[in-house]
1. Residues to consider are Asp159, Asp173; find the one that is out of contact with any strand residue (DSSP E or B) (no Cβ under 9 Å at 6 or more places or on another chain), without any contact (Cβ under 8 Å) to a residue 12 or more places away in the chain, open to solvent by 70 Å² or more (accessible area, probe 1.4 Å) and not β-branched (Val, Ile, Thr).
2. Could you list, in sequence order, all residues of region 336-365 that are within 17 Å of Ala381 (Cα to Cα) and buried (at least 21 other Cβ atoms within 10 Å of the Cβ)?
3. Scan region 176-233 for residues that are of a type in the set (Gly, Ala, Ser), crowded, with 19+ Cβ neighbours inside 10 Å and out of contact with any helix residue (DSSP H, G or I) (no Cβ under 7 Å at 6 or more places or on another chain) and report the count.
4. Given the conditions (1) farther than 17 Å from Leu309 by Cβ; (2) buried (at least 17 other Cβ atoms within 10 Å of the Cβ); (3) touching a strand residue (DSSP E or B) at 6+ places or on another chain (Cβ under 8 Å), which single one is not true for Pro394?
5. Within region 141-148, can one find any residue that is at pLDDT 95 or above, in a strand (DSSP E or B) and open to solvent by 30 Å² or more (accessible area, probe 1.4 Å)?
6. How many residues, within region 34-83, are of a type in the set (A, V, I, L, M, F, W, C) and more than 26 Å from Pro323 (Cβ to Cβ)?
7. Residue pairs, Cβ under 7 Å, 6 or more apart or interchain, first in region 393-419 and outside any helix (DSSP H, G or I) and among the basic types (Lys, Arg), second open to solvent by less than 40 Å² (accessible area, probe 1.4 Å) and modelled with pLDDT of 95 or more. List them.
8. Scan region 66-75 for residues that are in a strand (DSSP E or B) and surrounded by fewer than 19 Cβ atoms within 10 Å (Cβ to Cβ) and report the count.
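The values are calculated or read from the model by the stated rules, or taken from the named source; none is laboratory data. The structure displayed is predicted, hence computed values, not measured ones. Because the Cβ atoms are built from the backbone with ideal geometry, glycine has one as well, and the counts that use them run over all protein chains shown. We work out accessible area using only protein heavy atoms, side chains counted, and drop any ligands, DNA or RNA first. Shrake-Rupley method; radii C 1.70, N 1.55, O 1.52, S 1.80 Å.
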Amino acid sequence: MKIAVIGTGYVGLVTGTCLAETGNDVLCIDINEEKVKQMQSGVVPIYEPHLENLFERNIKANRLKFSTNLQEGLNHGEIIFLALPTPEDEDGSADLKYILGVADDIGKLITDYKVVVDKSTVPVGTSDRVKEAISANAKVDFDVVSNPEFLREGFAVDDFLKPERIVIGSSSDKATALMQKLYKPFVRSGNPIIVMDEKSAELTKYAANAFLATKITFMNEIANFCEKVGADVDKVRIGMGTDSRIGKRFLFPGIGYGGSCFPKDVKALHKSGKDNSYNFEILEAVVNVNQEQKLALIPKIKGYFNSSLKGKNIAVWGLAFKPETDDIREAPALYTIETLLELGANITVFDPEAMPNVKRKFGDKINYAKDMYQPLKDTDALVICTEWSIFRTPDFSKMKSLMANNVIFDGRNLYDITDIKNEGFNYLSIGR
């Protein structure tokens, strides 16, 4: 099938590449000329495990191409995916200017039937607005479908190629049949393609992300309470997770969630509720608790140093909002670093992928290490903000030989408390 993907961020690039991998002829469109030239030359502009191999293979096979020309994309594709940004607006709502702007252009440019697919995470009713924007100028038939993505950064390729489910929001039999044909190769193992109305599909994505964010936030509250009463959140987590009604996933406490999805999606759903005279009180609490949780290590650090951090050398391991990505959007590490700088500390950081992005934000306000041990030389404390696998089994003897003060503040509970103390470290974590 001939596919056009408008937008080449995380979602658009993974979507286009994985659709090409199953034999489709895919043309990706982006207005950023420099980025398009980069991709045309075979350079992947984002870090996502396994993406580069698929990207290179499909470019060589001429199944994956790139352009800045929207008309070219519309002429090429029978199915047009909109994978455009929906950034958080000042009032917490999702800003739809990019999607609606492209929809307006599509109406002026299409010359034959198209299925226009909302792949971006959008509020309930967006498909109607896209349809109206296209209809204002279109002289041919078209359909608008909601097909929300459920891709986890760091696992996006696997999630696309082996989806747990595919949700299609469509009121058109013709569009539904085309979408089912497109996705059939991805569900050969029997995972469902769920067809529903457009509004239900749009809400499914928001509801899923809001629920997961709530689950994380609840465990963070339990962790904070564990510290008050002397319980161990790891034991509580295991006891809860073995209940099949609850499950083991998303029960790990820490210093809050970040990224491009959970923060803005929770706020957008909360705002959508207000716009429809409904107050999601749970989501309001989730937003507030998570914002505070991002700084959960700061009181522990201040307490250890008697609130005197001026001139202290602090090493930070992990900058991305989660492992296996270079995405630093709403990353708890950034909030921790900003606060430590305000308190007068000297910061040296290491992350396997995210340092270039952090450097664009902080510049020379902090120092950047070449490996995970370099920041530890003469440091007064190590702060762990992201649970990259390489941090799980470090050389503790080497760490002690480098550090001026053997104290670790762990925002992701990477180490067993007894083991780390036996290694000779003062160790402060979350909920234990």
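1. Matching residue, one of Asp159, Asp173: Asp173.
2. Hits for region 336-365 are Thr336, Ile337, Leu340, Ala345, Ile347, Val349, Phe350, Asp351.
3. 1
4. Of everything listed in (1) farther than 17 Å from Leu309 by Cβ; (2) buried (at least 17 other Cβ atoms within 10 Å of the Cβ); (3) touching a strand residue (DSSP E or B) at 6+ places or on another chain (Cβ under 8 Å), Pro394 misses just condition (3).
5. Yes, because at least one residue in region 141-148 is at pLDDT 95 or above, in a strand (DSSP E or B) and open to solvent by 30 Å² or more (accessible area, probe 1.4 Å).
6. Residues in region 34-83 being of a type in the set (A, V, I, L, M, F, W, C) and more than 26 Å from Pro323 (Cβ to Cβ): 11 in total.
7. Arg412/Gly254; Arg412/Ile384; Arg412/Thr386
8. The number of residues fulfilling the criteria is 1.
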